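The values are calculated or read from the model by the stated rules, or taken from the named source; none is laboratory data. None of these values were measured; they are calculated from a predicted model. Neighbour counts run over all protein chains shown; Cβ positions are idealised from the backbone, glycine included. Note: accessible area is taken over every heavy atom of the protein model, side chains too, but ligands, DNA and RNA are not part of it. Shrake-Rupley method; radii C 1.70, N 1.55, O 1.52, S 1.80 Å.
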Amino acid sequence: MKHIRILIFCCVLSPAAVAQSTQPVQTPVAPEQVPLLRPWLQTQNAAGLQWSDVPAAGYTAFGTQQENGDFKKSQQPESDRQLLFHSSRYQPLKKGVLYGSFNYIQQWSGQVHWSDVLNPYRGTPYIMADSIGGDWKKQRYDLELKAATARLANNKLVLGAGVRYSVYTGARQNDPRPLNNAGELTLTPSLVYQLGKRQQIGLSGLYGFYKEDISFELKNTNVTHSLYKLLGLGQVSSPPSILAVSASRYYNGKKYGGALQYSISGQHWQWLTEASYASYTEKVTDGSGIPLLSGTWKKKDYQLRSVWQYTAADYAHRITAVYKMNDGSGIESHQKLVDGFWQTILEATFYTATQSTGRLEYLLMKQRTKDQYAWYAKAGITWSDTENKYLVPVSRQQYSSLRYDITAARNWSLGTYSGIEAQVQAAYRTNLNAYLNYSLMTNSSNIVAQQVLYPDHDYYTANAVEAGASVQYHFSWKEAAAARFFLRLNAVTTQRTAATALPYGPDGSRQRFAFTIGAFY
């Protein structure tokens, strides 16, 4: 934790924050407000930093978060506690622009069942699990950097690049004692070219990889444990693996893609549209001596995002429309050992997953300054549809829903150096239709369907309401007028509107509380 304390000290007590100035006091900008009315900052294109008139804005915070309650997905922890640290900054530098952020999370997850991976809901059907469950201790580090050059080629061209690197670790302290290490790297080279006085076109690439290693060890070797290899939609490889000493599993994935952006603007308005595509392939292998290819997960992601905003006088209007589609397939590899080597006897697609999401959102903002709001109100509606299939035996799951949400926030000034910011939000999710037809695989067990598939289907198809609020008090003093220190409290609760009919289904509610201290400067 020493490096975290040093980073807080350096970021908060920088010379710019503590030096006395004879210039008029300028209220520092909170970085989370910077992208609100800058559409280029909401895209994958790092070169968009140069076309957004980005102010210098830094943020450093340390906090804690706790989440618990019965209304949850089956592989989520029953309780979750986190310590969080975050530091980020937008920084114009000579004629270029930089952005950087660092996140650290220390997490204690209580009673995680049917999952021995760090994130069982990232898409892949090939989850390794045991029936014991237990408490996890996890850590996560995220580093992100973006840079945009000065305007080149007669002020028409800007080059940019972004990199995001994440490291995850996790362990459970009871047999079969899974130990997980994962890393993820994403690179996004980009450019923006000025077509005319008020038009720009952007292009960005995407390359990334994901790697997760899992090892299992027993402290009590007198007791054997069963490891279940999930295949998707309640199916499990049969028979389960019997763990007597140790075992291992490896996930290796690569992603390629890109995005195209087009922006046109007038005196008081701007319209930006982005179309993106990404292809992801991940191979899953078991064992280290003679690795066994257990499956391949392939996914294609499509997204179309369009933002229109109008700003005049002190008011701003923003309309956002987004459509996403994810199309995935699970290819199983059935092999047998021949002369000391694994030989493939069957390789075919057994699982498919398709998800479509559409969202329409409207934001009305009263601005206090160019980079700060006095208040805003936001309303949106989200439609989602999911269909999962297992081909042999034939099983199918489908559900769709609508989610309505509203958010309102306001800033109050208590003087030159202090103020209060409050936010309230509410949402309602209603199920449109639901279908589940599960067929048990021959000589297999339906324990995964009973413990994971059915409860998750009930969660996704339940009607639920959500309410939340946050309040922040920020303050400073004359000798450190360039910084604002703050205290923030957040609370969100989600409640299903009708009781579950399942014996172990997700019922009741779930709450999340967070407390944060920090500074923006």
For this session: Could you tell me whether the stretch 24-73 comes out rounded, prolate or oblate from its Cα gyration tensor? Rule is a ≥ b ≥ c as square roots of the eigenvalues, rounded for a/c under 1.5, then prolate if a/b exceeds b/c, otherwise oblate.
Result: oblate
For this session: Just flag the trypsin sites (Lys or Arg not before Pro) in the stretch 335-442 sitting in loop per DSSP whose Cβ has no more than 16 other Cβ atoms within 10 Å.
Result: LYS370
Problem set entry | When the chain is reduced to its Cα atoms, the Kirkwood hydrodynamic radius in Å | 25.5
Exercise. What does the charge count near GLY100 come to, summing +1 for each Lys or Arg and -1 for each Asp or Glu among other residues with Cβ under 9 Å from its Cβ?
Worked result: +1
Problem set entry | Over the chain: helical MRE at 222 nm, DSSP H runs n ≥ 4 each giving -39500 (n - 2.57), nearest 500 | -1000 deg cm²/dmol
For this session: Calculate the length of the line joining the C-alpha centroid of the stretch 73-88 to that of the stretch 363-423, in whole Å.
Result: 20
Exercise. So, in Å, what gap is there between the alpha-carbon centers of the stretch 455-521 and the stretch 30-58?
Worked result: 25
For this session: Just read off the accessible area of THR493 with the full protein assembly in place, 1.4 Å probe, to the nearest 10 Å².
Result: 50
Seminar exercise, completed: For the stretch 388-521, the percent of accessible surface on carbon and sulfur atoms (probe 1.4 angstrom, ligands and nucleic acids excluded) is 58
Problem set entry | Other-chain or far-sequence residues with amide H under 5 Å of ASP507's (modelled H) | PHE71, LYS72
For this session: Pop out the ³J(HN,Hα) list for the stretch 102-108 in order, Karplus 6.51 cos²θ - 1.76 cosθ + 1.60 with θ = phi - 60°, rounded to Hz; leave Gly and Pro as x.
Result: 9, 10, 9, 10, 10, 10, 10
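Order SER444, SER263, most accessible first, counting only protein heavy atoms with a 1.4 angstrom probe.
Values: SER444 30, SER263 0 Å².
Largest accessible area first, the list is SER444, SER263.
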Seminar exercise, completed: Highest mean packing first, using Cβ neighbours within 10 angstrom, the peptides 323-331, 119-127 sort as 119-127, 323-331
For this session: Calculate, for the stretch 105-218, the solvent-accessible area per residue in square angstrom, rolling a 1.4 angstrom probe over the heavy atoms of the protein chains.
Result: 43
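Leaving out ligands, DNA and RNA, what percent of the accessible area of the stretch 174-320 is carbon and sulfur, probe 1.4 Å?
On the way: 4050 of 6960 Å².
Heavy-atom surface of the stretch 174-320 belonging to carbon and sulfur, 1.4 Å probe: 58 percent.
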For this session: Count the net charge of all other residues whose Cβ sits under 9 Å from the Cβ of ALA321, scoring Lys and Arg as +1 and Asp and Glu as -1.
Result: +1
